[in-house]
Every structure is written in C-alpha cells, then in structure tokens.
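Okay, structure first, notes after.
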Amino acid sequence: MSVKLIDHMGTDLSVVNAARVSFAKENKEFQVVDDSRLIRYLAKHNHWSPFGHASLQFHVTAPVFVARQLVKHQVGLVWNEVSRRYVDSEPEFHFVEEWRGSPDNKKQGSSDKVITIDYDIQKEYITECTNTYRYLLDKGVCPEQARMVLPQSMMTEWYWSGTLMAFARVCNLRCKEDAQKETQDIAYSIDSLCRTQFPVSWNALRNMPT
C-alpha cells in the first residue's frame with residue numbers, strides 16, 4: 001500500500017487570506033502568531049470554507065476492501081480509479097501478514113489477539129481466483145465480467161483530489177483506533193503529507209471534534 005502526493009495548491013497563507021477577504025484584507029506573508037491564531041479560531045468554530053481554498057492530489061495504491069471504505073467520503077473530494085473493464089494485466093494482491101481476532105465489542109473492527117492461520121490458505125485461494133480470471137479472458141469473456149471472480153484483496157489504485165478540509169474529515173475518522181488497521185495506514189500516510197504542506201492549518205483541523 002502507498003500514498004504519493006502528486007500535486008497541491010495553496011499554503012497556510014491561502015487559508016488566512018480566504019478568511020481575511022471578508023474585511024477586504026490580504027497578507028503578503030504568513031504572520032506566525034496572528035495568522036496561526038486565526039486558523040485555530042476558524043477550525044474551532046467550524047468555519048470550514050477558508051480551508052476549501054487549499055487542496056491536494058494523491059495517488060493511492062491499496063486493496064479493494066480498503067478503497068471501498070475510503071470512497072464513502074464524497075464531500076469535497078474527487079476520485080478516479082483504475083478500471084478492470086479496460087485493464088486486463090496480471091492482478092496484484094494484498095497478502096495478510098497477521099490475522100487479527102474478532103472483537104468482543106461489535107463496534108470495534110478487530111481485537112489485539114493474533115489468530116494463527118496457514119499462510120498458504122490465502123495464497124491458494126488467490127491463485128485459483130487468478131487462474132479462473134485468466135481462463136475467462138482466454139475464452140473471450142469480456143474483462144468487465146471476468147473481473148467479478150477476483151477477490152477484495154486485489155490491489156487497486158486511484159487519484160484522489162480534494163480540499164484540505166475534506167481530507168481532514170477523512171483523517172479525523174479513519175485515523176481513529178476503531179477504524180480498520182489497513183485503512184488507518186492509508187489515512188496516516190495522508191495525514192503526514194497534509195501536515196508537511198499545511199502545518200498550521202492541518203494541526204488545527206486534526207484537533208477538531210468529528
């Protein structure tokens with residue numbers, strides 16, 4: 001799994017000036033004390049629109065089951081994903097290194113307990129699915145139908161663009177302990193990249209209540 005920053009627009013100063021335009025004011029440079037205070041105020045009081053004037057674009061690679069959790073976040077975000085209607089290259093898969101136990105609390109995704117499972121079980125299943133997929137393609141079945149036999153552990157990739165505020169909402173939810181670990185891994189990668197580009201704004205947004 002991986003997250004790569006492709007592009008970004010704006011800085012912490014972009015957020016400040018988007019807010020200050022209400023008073024017909026503009027800063028040429030970021031004033032650490034005053035502007036940081038303003039950003040914290042905006043975040044604390046849920047004045048989200050100034051954070052919508054800063055944006056980022058990521059290229060994400062993750063298994064399908066992670067992608068289907070993250071694509072639920074729609075507001076302020078745009079998603080374009082590889083399609084196996086058009087791509088019939090050899091699929092890649094996410095292999096489990098450690099199986100987690102079922103939780104006592106149904107609201108939690110997994111427990112800290114480690115379940116010992118023969119590694120070959122997943123490998124054999126994926127091999128069978130891949131062979132079936134290739135068999136269907138070789139028989140002339142269209143890729144948009146043949147893809148249905150591939151498991152959710154198949155790797156996918158997408159471009160994900162959106163506002164700083166939108167990605168903060170993603171991370172505020174998906175970096176929590178009750179989020180699936182694999183989804184947390186992607187969210188924390190996004191968190192790190194956003195913090196690098198927008199340190200003051202991101203710190204304020206990530207401390208917001210969800």
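The values are calculated or read from the model by the stated rules, or taken from the named source; none is laboratory data. Keep in mind that what you see is a predicted model, and the values were worked out from it rather than measured. Every residue, glycine among them, receives a Cβ derived from its backbone with ideal geometry; neighbour counts consider all protein chains shown. Keep in mind that these areas ignore ligands, DNA and RNA; they rest on the heavy atoms of the full protein, side chains included. Shrake-Rupley method; radii C 1.70, N 1.55, O 1.52, S 1.80 Å.
Brief remarks on what is shown
- Farthest toward the positive end of the dipole of the chain, out of Val96, Val3, Asn172, is the Cα of Asn172, where the dipole comes from beta carbon charges about the Cα centre.
- The modelled label-to-label distance between Met155 and Phe95, using points 7 Å beyond Cα along the C-beta direction, is 1.2 nm.
- Across every direction, the projection of the convex hull enclosing the Cα atoms of region 2-93 has a mean area of 8.4 nm².
- Loop-resident sites, region 80-140, for GluC sites (Glu not before Pro), counting at most 11 other Cβ within 10 Å (DSSP): Glu97, Glu98
- Cα-based Kirkwood hydrodynamic radius, region 115-210, one decimal, Å: 16.6 Å
- Net +/- balance of residues flanking Ile39 in space, Cβ distance below 13 Å, scoring K and R +1, D and E -1: +2
- Gyration tensor (alpha-carbon) shape descriptor, region 75-114, a/c threshold 1.5: oblate
- The length gained on full extension between Ile115 and Arg20, counted as 0.36 nm times the residue separation minus their Cα-Cα distance, comes to 28.7 nm.
- Distance cut-off 14 Å, percentage of C-alpha pairs in region 20-67 lying past it: 68 percent
- Measuring r between the beta carbons of Arg195 and Val141 and using R0 = 41 Å, the FRET efficiency lands at 0.35.
- Gaussian network model of the chain, springs between alpha carbon atoms under 10 Å - residue of Thr11, Thr127, Thr163 with greatest fluctuation: Thr127
- Per-residue accessible area (protein heavy atoms, 1.4 Å probe) orders Phe23, Phe30, Phe167 as Phe23, Phe30, Phe167, starting from the largest.
- Too-long pairs where the Cα-Cα distance tops 31 Å, listed order kept, from Lys4/Lys72; Lys44/Lys72; Lys72/Lys113; Lys139/Lys181; Lys4/Lys139; Lys28/Lys176: Lys139/Lys181; Lys4/Lys139; Lys28/Lys176
- Phi angles across region 152-163 convert, under the Karplus curve 6.51 cos²θ - 1.76 cosθ + 1.60 with θ = phi - 60°, into 3J(HN,Hα) values of 5, 7, 5, 6, 9, 8, 7, 8, 10, 10, x, 6 Hz, Gly and Pro given as x.
- Counting Lys and Arg as +1 and Asp and Glu as -1 over every other residue whose Cβ lies under 12 Å from the Cβ of Asp88, the net charge comes to +1.
- The residues Trp48, Trp99, sorted by heavy-atom accessible surface at 1.4 Å with ligands and nucleic acids left out, run Trp48, Trp99 from largest to smallest.
- Highest-MSF residue in the chain out of Leu136, Leu77, Leu56 [GNM, Cα springs under 10 Å]: Leu136
- For the chain, diffusion coefficient by Stokes-Einstein and Kirkwood Rh (Cα), 10 °C, 1.306 mPa s, µm²/s: 81 µm²/s
- Helix-only [θ]222 nm of the chain, DSSP H runs n ≥ 4, -39500 (n - 2.57) each, per residue, nearest 500: -13000 deg cm²/dmol
- Here region 155-194 was treated as a single set of alpha-carbon atoms; its pair distances binned every 10 Å from 0 give 29, 57, 14 percent.
- Solvent-accessible surface (1.4 Å probe) assigned to Ile121 amounts to roughly 100 Å².
- Springs between Cα atoms under 10 Å define the GNM used for the chain, and in it the highest mean-square fluctuation of Gln69, Gln57, Gln197 occurs at Gln69.
- Our note on the geometry: Cα centres of region 138-210 and region 30-83, 11 Å apart.
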